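Read through the structure below, which is laid out as structure tokens, and then see the notes.
The values are calculated or read from the model by the stated rules, or taken from the named source; none is laboratory data. Here the structure is a predicted model, which means the values were calculated and not measured. FYI the Cβ positions are ideal-geometry reconstructions off the backbone, even for glycines, and counts take in every protein chain you see. For accessibility, only protein heavy atoms count, side chains too; no ligands or nucleic acids. Shrake-Rupley method; radii C 1.70, N 1.55, O 1.52, S 1.80 Å.
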Amino acid sequence: MDSIRIKQLSEEDRPREKLLKYGASQLSDTELLAIIIGSGTRGNSAIQLAQKLLAQYQNDLNKIASQNALALESSQKGLGKVRAINIIAALELSKRRYIQQYTQKENPITSSDISAKYFMRYLTDKTQEEFWVLLLNTAHIPIDCYQVSKGNIDNTLVDIRLLCKYAIINNATRVIIAHNHPSGNLKPSEQDISLTKRIKEALSTLNISLLDHLIIYQNAYYSFADEGKI
């Protein structure tokens, strides 16, 4: 593709002008990303930088969002630190907006889909395995959410006593647990199944119910409850 500056495009083809005239929903991923990038570099317009960046990550915005600023900057020549930071910040805001509509604290957790979206706030894009607990009251309304542990990419050590402590000090009567599988394989391991059983047993001695255990990867999840494994 020849080097074309955005100012050389017709007004209707310029991303900012197109957004003002038609709205953001009418722009492609490339055009939206070009607006975030802001300006081009010598030999590449903002649109061309956006095209190259998307191609680098197979047109997968989730893969871009999972990068840190340094990795994103180094992945595309000419992108620069400021542009990389802007992209990551914009994608993080987009994720939070999507998740927030399902995770208002006054709204009860009534399904695995809602609880999964709650945990996606914390676990989507993580490259290390993390284990979190969501504490609920009797009306299934969230009280608080805690990271119990953080491990390597293969597994994480979970302190069940700490998990129970969080539940007790917050007067929780219901608990949902979740961890991510950075590999993308949502199938629970034998270790996952064993850990779920031990946590359920520990909580039951405190008259606290374990409602579900979720395995998260990006925007997908596996629910122990939905599969009849709780």
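From the phi angles alone, apply the Karplus equation (6.51, -1.76, 1.60; θ = phi - 60°) to segment 124-131 and give each ³J(HN,Hα) in whole Hz, x where the residue is Gly or Pro.
These are the phi-based 3J(HN,Hα) values: 5, 6, 6, 9, 10, 6, 10, 10 Hz.
Report, in listed order, any pair from 165/200; 63/197; 187/229; 117/150 with a Cα-Cα distance greater than 22 Å.
Going by Cα-Cα distance, 63/197 fall outside the 22 Å limit.
In straight Cα distance, which lysines are under 17 Å from residue 81, not counting same-chain residues fewer than 8 positions off?
Cα-Cα hits under 17 Å: 52.
Rounded if a/c is under 1.5, else prolate if a/b beats b/c, else oblate: with a ≥ b ≥ c from the C-alpha gyration tensor eigenvalues square-rooted, which is segment 132-196?
The shape class here is prolate.
Skipping prolines and chain starts, which residues have an amide H placed within reach, meaning under 5 Å, of the one on residue 209, given they are 5 or more residues away or on another chain?
For residue 209, the qualifying residues are 174, 175.
For the chain, with every protein chain kept in place, what is the accessible area per residue (1.4 Å probe, Å²)? The partial results should precede the final answer.
Values: 12520 Å² over 230 residues.
Per-residue value: 54 Å².
What does the charge count near residue 95 come to, summing +1 for each Lys or Arg and -1 for each Asp or Glu among other residues with Cβ under 13 Å from its Cβ? Intermediate values should be presented prior to the final figure.
Working: positive: 96, 97, 117, 121, 126; negative: 92, 125.
Value of the local net charge: +3.
Which label marks the calculated value of percent of Cα pairs over 26 Å apart, given the options (i) 37; (ii) 47; (iii) 44?
(ii)
Using the Karplus equation 6.51 cos²θ - 1.76 cosθ + 1.60 (θ = phi - 60°), what ³J(HN,Hα) coupling, rounded to whole Hz, does each residue of segment 54-66 give in order, writing x for Gly and Pro?
Here the 3J(HN,Hα) series is 4, 5, 4, 10, 6, 6, 10, 5, 4, 5, 5, 5, 7 Hz.
Show me, for segment 222-230, the HN-Hα J-couplings you get by feeding each phi into the Karplus relation (A = 6.51, B = -1.76, C = 1.60, θ = phi - 60°), rounded to Hz, glycine and proline as x.
Residue by residue, segment 222-230 yields 10, 10, 4, 5, 4, 8, x, 10, 9 Hz.
Given a 1.4 angstrom probe, I'd like the percentage of the accessible area of the chain that is carbon and sulfur, rounded to a whole number.
49 percent
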